[in-house]
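The values are calculated or read from the model by the stated rules, or taken from the named source; none is laboratory data. This structure is a prediction, so every number in the text was calculated from the model and none was measured. With ideal geometry, Cβ positions are generated from the backbone for all residues, glycine too; neighbour counts draw on all protein chains shown.
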Amino acid sequence: MRYRYSAGKDGKPEKKAIIYTHDEHGIKFADVDREAIGIVRKLKSSGYDSYIVGGAVRDLILGKKPKDFDIVSAASPAKIKRIFRNSRIIGRRFRLAHVYFGQKIYEVATFRSLKDGNTSNTFGTIDEDAFRRDFTMNALYYDPEQQIVVDYVGGMEDIKSKMVKPIISISEIFKDDPVRMIRAVKYAAATGFSLPLKLKLKIKSQSNLLTSISPSRLTEEIFKIINSGKAAAIVDLLDKMGLYNYLQPQAAALMRKNAGFRQKYLDSMAALTGVEKYRGQAIGALFYVYLENARTWESGVLEDYKEVFQMARSFVLPMNPPRFEMEHALRKFLSNYGITRRPHPNPVLESGAKPAAPAKRKRRRKRKPAGHTPLTP
């Protein structure tokens, strides 16, 4: 174990971080994504301190193989874009870069400063960036070249203790971003970690802050849950903590009223593998149990497909997934009962789009017969 020092306010060296070697953190280098390593190496060779950070480092320490790898660097988004031609800058308030390798996307962010608070977009140093993150277990920095983990916030000890601990003050963490309540519960359920009592009480007392979150952000969080491979455990704990009511209010209400529905709903979540090729395959878990009990299903042709579609869509509100994904999930549900939908005479009109205007016919110029000579006066 080593330590990282930097100058304190009095100018004297001050211990800032613990550095864990390979023998201490136990990360299997073979589990680290090749492209992520390449991105870190290229940024470092260009003169910018860079690390793999966040959930990927947490999962690697826990012996899991992460699906996503995020990177943080001293390079600004503009400089990252110049270094990687296969990248583009995204975001309005929080600018960062996406680096593309085929179908894979790697998020590369710049160290953030604490100068203007926990939600500012000012670029800073790694010392500041660590204290901008939400929970200690997500604030570990992994250098794949030196194979070291840099820990500014005691995240390694909290992982060993199996505790979800906030970095930002407990009085401010959820006011800054209420979605952190969902993430805290999600991390606890997915890892088997415990939530400290003070954190639990704060979540329950401030859960109403989630009413201010946009449907698009809630949709994003639900997609992460149903594709996590731990959906049943996460939904179960979110419901017990009183948060699932803000994500899926109709499902949460039925789970409270009907123990049978609750068990079937969680079973449908448990059946998800987390590796669906298409998101529409997972969305069905949100409304299949509801539709099964909403009416009697018989094989044949469904006459009121549009009405059934609206039933499913209304049930998953405020989530607002793309229509074609909902369609895919609903068709799969109907096929399980041997039901087909009656084809619409005009599929374009059914989707709500305006029919295409008929193509204009080009006027054909009359060709003069061969050998024709104009009359002259």
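Number of residues in the range 3-12 that are exposed (fewer than 11 other Cβ atoms within 10 Å of the Cβ) and farther than 21 Å from Tyr141 by Cα equals 4. In the set Ile225, Ile148, only one residue is surrounded by 21 or more Cβ atoms within 10 Å (Cβ to Cβ) and within 22 Å of Ala56 (Cα to Cα); that residue is Ile225.
Among the residues making up the range 185-235, those that are hydrophobic (A, V, I, L, M, F, W, C) and under 14 Å from the mean Cα position of the chain (by Cα) are Leu218, Ile222, Phe223, Ile225, Ile226, Ala231. The combined condition, being touching a residue at least 40 places away in the same chain (Cβ under 8 Å), aliphatic (A, V, I, L, M) and under 18 Å from Ser113 (Cα atoms), is fulfilled by Ala17. Each residue in the range 169-179 was checked for being surrounded by fewer than 19 Cβ atoms within 10 Å (Cβ to Cβ) and within 29 Å of Ile19 (Cα to Cα), and 3 of them qualify.
Of the residues making up the range 180-208, just one is more than 17 Å from Thr136 (Cα to Cα), surrounded by fewer than 18 Cβ atoms within 10 Å (Cβ to Cβ) and either hydrophobic (A, V, I, L, M, F, W, C) or in contact with a strand residue (DSSP E or B) (Cβ under 8 Å, 6 or more places away or on another chain) (or both), namely Leu201.
For every residue, the table says whether it meets (1) in a helix (DSSP H, G or I); (2) in contact with a Lys or Arg (Cβ under 8 Å, 6 or more places away or on another chain); (3) without any contact (Cβ under 8 Å) to a residue 24 or more places away in the chain.
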| residue | (1), (2), (3) |
| --- | --- |
| Asp267 | yes, no, no |
| Thr273 | no, no, no |
| Ala282 | yes, no, no |
| Leu291 | yes, no, no |
| Glu327 | yes, no, no |
| Arg331 | yes, yes, yes |
| Leu334 | yes, yes, no |
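Might you let me know whether the range 171-186 holds any residue that is under 30 Å from Val289 (Cα atoms) and modelled with pLDDT under 95? Within the range 171-186, none of the residues are under 30 Å from Val289 (Cα atoms) and modelled with pLDDT under 95.
Beta carbons closer than 6 Å, at least 6 apart along the sequence or on distinct chains, never pair a first residue in the range 131-158 that is under 25 Å from Lys115 (Cβ atoms) and touching a residue at least 40 places away in the same chain (Cβ under 8 Å) with a second that is part of a strand (DSSP E or B) and polar (S, T, N, Q). Of the residues that sit in the range 159-168 and are farther than 17 Å from Arg132 by Cβ and within 24 Å of the chain's Cα centre (by Cα), which one is surrounded by the most Cβ atoms within 10 Å (Cβ to Cβ)? In this case the residue turns out to be Val164. Just so you know, in the range 34-52 the residues that are crowded, with 20+ Cβ neighbours inside 10 Å and in contact with a helix residue (DSSP H, G or I) (Cβ under 8 Å, 6 or more places away or on another chain) include one that is farthest from Tyr142 (Cα to Cα), and it is Leu43. Candidates are the residues of the range 13-33 that are under 29 Å from the mean Cα position of the chain (by Cα) and among the acidic types (Asp, Glu); the one that is surrounded by the most Cβ atoms within 10 Å (Cβ to Cβ) is Asp33. With respect to (1) in contact with a helix residue (DSSP H, G or I) (Cβ under 8 Å, 6 or more places away or on another chain); (2) more than 30 Å from Lys162 (Cα to Cα), the lone exception for Pro13 is condition (1).
For Phe123, the stated conditions hold: it is surrounded by 18 or more Cβ atoms within 10 Å (Cβ to Cβ), within 30 Å of Ser214 (Cβ to Cβ) and in contact (Cβ under 8 Å) with a residue 24 or more places away in the chain. Using beta carbons and a limit of 8 Å, which pairs, at least six apart or on different chains, have the first residue in the range 65-93 and under 16 Å from Ser113 (Cα atoms) and surrounded by 14 or more Cβ atoms within 10 Å (Cβ to Cβ) and the second one modelled with pLDDT under 95 and basic (Lys, Arg)? The qualifying pairs are Pro77/Arg95. Of the residues making up the range 244-259, at least one is out of contact with any helix residue (DSSP H, G or I) (no Cβ under 8 Å at 6 or more places or on another chain), over 23 Å from Lys186 (Cα atoms) and either loosely packed, with under 13 Cβ neighbours inside 10 Å or touching a residue at least 12 places away in the same chain (Cβ under 8 Å) (or both). Would you check if there is a residue in the range 294-311 being part of a loop (DSSP other than H, G, I, E, B), closer than 29 Å to Ser212 by Cα and at pLDDT 90 or above? No: the range 294-311 contains no residue that is part of a loop (DSSP other than H, G, I, E, B), closer than 29 Å to Ser212 by Cα and at pLDDT 90 or above.
What residue, among those in the range 332-351 that are basic (Lys, Arg) and surrounded by fewer than 17 Cβ atoms within 10 Å (Cβ to Cβ), is modelled with the lowest pLDDT? Across the range 332-351, the extreme among qualifying residues is Arg342.
Say we look at the range 293-310 and pick out the residues that are free of Cβ contacts under 8 Å to residues at least 24 places away in the same chain and within 19 Å of Asn258 (Cβ to Cβ); which of these is surrounded by the most Cβ atoms within 10 Å (Cβ to Cβ)? Applying the filter and picking the extreme gives Ala294.
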